[in-house]
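The values are calculated or read from the model by the stated rules, or taken from the named source; none is laboratory data. What you see is a predicted model, and the numbers here were worked out from it, not measured in a lab. Here Cβ is always computed from backbone atoms with ideal geometry, including for glycine, and neighbour counts include all displayed protein chains.
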Amino acid sequence: MNLELIAKEIRKSIVKMNAKSYASHSGTALSVVDILTVLYFKIMNIDSANPSLKNRDRFILSKGHGSSALYATLAEKDFFDKSLLEGFYIDGGELPGHLDKEAAPGVEVSSGSLGHGLSLGIGMAIANKIDNNDSNVYVVCGDGELNEGSVWEAIMFAPHKHLDNLTLIIDYNKLQGYGRTNEVINLEPLKDKLLSFNWDVIEIDGHNFSEIESALLKNSKQPKAIIAHTIKGKGVSYMENKFEWHYKSPNEEQLNIALNELL
């Protein structure tokens with residue numbers, strides 16, 4: 001299985017979707033692709049033919065404004081036909097701009113109002129413990145999302161419950177809606193903060209497939225936090241590490257450049 005080629009196909013879908021719908025958050029979606037690729041194609045116990053499988057692993061994209069990344073990944077994993085992606089974020093389309101769990105198979109949680117995904121994931125992880133279900137819960141939060149107090153309440157709560165079936169992945173791309181993340185509210189020292197709350201913390205390159213896989217597979221007796229250093233707009237040169245691509249969508253010329261770079 002060639003994860004790099006799969007990630008390129010997902011990125012192609014993202015830029016096509018955002019160009020067609022004139023949607024924001026192109027850079028937001030592109031930064032998380034490699035994490036999603038490893039989760040869906042190497043790690044998670046899921047069945048695209050049976051999305052409601054009782055003992056399936058659950059994934060929550062708490063940064064739900066990056067929805068095109070998850071929709072594109074689910075389509076690549078055959079949860080639904082890629083033709084559904086053509087109805088992303090347009091009048092009469094079936095895929096809303098923020099994630100809607102009723103819109104497509106495989107979407108576990110409606111999200112987009114930031115700060116709630118980790119708490120929802122904790123609820124799922126506790127339910128699994130009660131039901132003696134050994135499946136895992138994975139939550140991706142954006143770094144800017146860590147401005148939300150509700151995230152830190154959840155960070156405090158999960159180790160208290162010894163939720164070794166829960167993994168938080170922080171998409172640390174260093175940019176958010178108002179500028180550089182650590183200029184808006186400084187997160188550092190992020191690893192030390194998470195360690196002080198008794199999480200098992202791993203820091204990785206969020207675009208290195210082997211590092212992502214190793215971190216996800218690491219056994220732990222506590223909830224696990226993966227700080228994934230990523231690049232906003234990863235894979236498209238003119239979007240990489242550029243603040244404006246939190247809001248912009250590619251025009252026709254920019255789309256063609258992106259698709260050529262992703263060959």
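What the table shows:
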quantity	calculated
Residue match in the range 235-245 (condition: in contact with a Pro (Cβ under 6 Å, 6 or more places away or on another chain) and outside any helix (DSSP H, G or I))	no
Out of Lys248, Lys221, sole residue that is charged (D, E, K, R), over 21 Å from Gly144 (Cα atoms), outside any helix (DSSP H, G or I) and more than 16 Å from the chain's Cα centre (by Cα)	Lys221
Check on Thr181, surrounded by 19 or more Cβ atoms within 10 Å (Cβ to Cβ), modelled with pLDDT of 95 or more, of a type in the set (Val, Ile, Thr) and over 21 Å from Gly27 (Cβ atoms)	no
Residue within the range 118-127 that is of a type outside the set (A, V, I, L, M, F, W, C), at pLDDT 95 or above and closer than 30 Å to Glu183 by Cα present	yes
Odd one out for Ser62, checked against (1) in contact (Cβ under 8 Å) with a residue 40 or more places away in the chain; (2) within 17 Å of Phe80 (Cβ to Cβ); (3) not aromatic (Phe, Trp, Tyr)	(2)
Unmet criterion (only one of (1) farther than 26 Å from Ile212 by Cα; (2) at pLDDT 95 or above; (3) of a type in the set (Ser, Thr, Tyr)) for Thr28	(1)
Tally, over the range 52-64, of residues that are over 10 Å from the mean Cα position of the chain (by Cα) and under 19 Å from Ser13 (Cβ atoms)	0
Pairs where the first residue, in the range 203-222, is over 16 Å from Ile170 (Cα atoms) and the second is acidic (Asp, Glu) and buried (at least 16 other Cβ atoms within 10 Å of the Cβ), C-beta under 8 Å, 6+ apart	Lys218/Asp200; Ser220/Asp164; Ser220/Asp200; Lys221/Asp164; Lys221/Asp200; Gln222/Asp164; Gln222/Asp200
Matching residues in the range 86-122 - criterion: being touching a strand residue (DSSP E or B) at 6+ places or on another chain (Cβ under 9 Å) and without any contact (Cβ under 8 Å) to a residue 12 or more places away in the chain	Gly87, Glu94, Ala103
Filter pass, Glu211 being out of contact with any helix residue (DSSP H, G or I) (no Cβ under 8 Å at 6 or more places or on another chain) and exposed (fewer than 13 other Cβ atoms within 10 Å of the Cβ)	no
Unmet criterion (only one of (1) part of a loop (DSSP other than H, G, I, E, B); (2) buried (at least 19 other Cβ atoms within 10 Å of the Cβ); (3) in contact with a Gly (Cβ under 7 Å, 6 or more places away or on another chain)) for Val107	(3)
Positions within the range 112-130 being over 13 Å from Ile155 (Cβ atoms) and either small (Gly, Ala, Ser) or not in a helix (DSSP H, G or I) (or both), in sequence order	Gly112, Ser113, Leu114, His116, Gly123, Ala125, Ala127
Qualifying residues in the range 150-178 (those that are outside any loop (DSSP other than H, G, I, E, B) and over 20 Å from the mean Cα position of the chain (by Cα)) - the one farthest from Thr28 (Cα to Cα)	His160
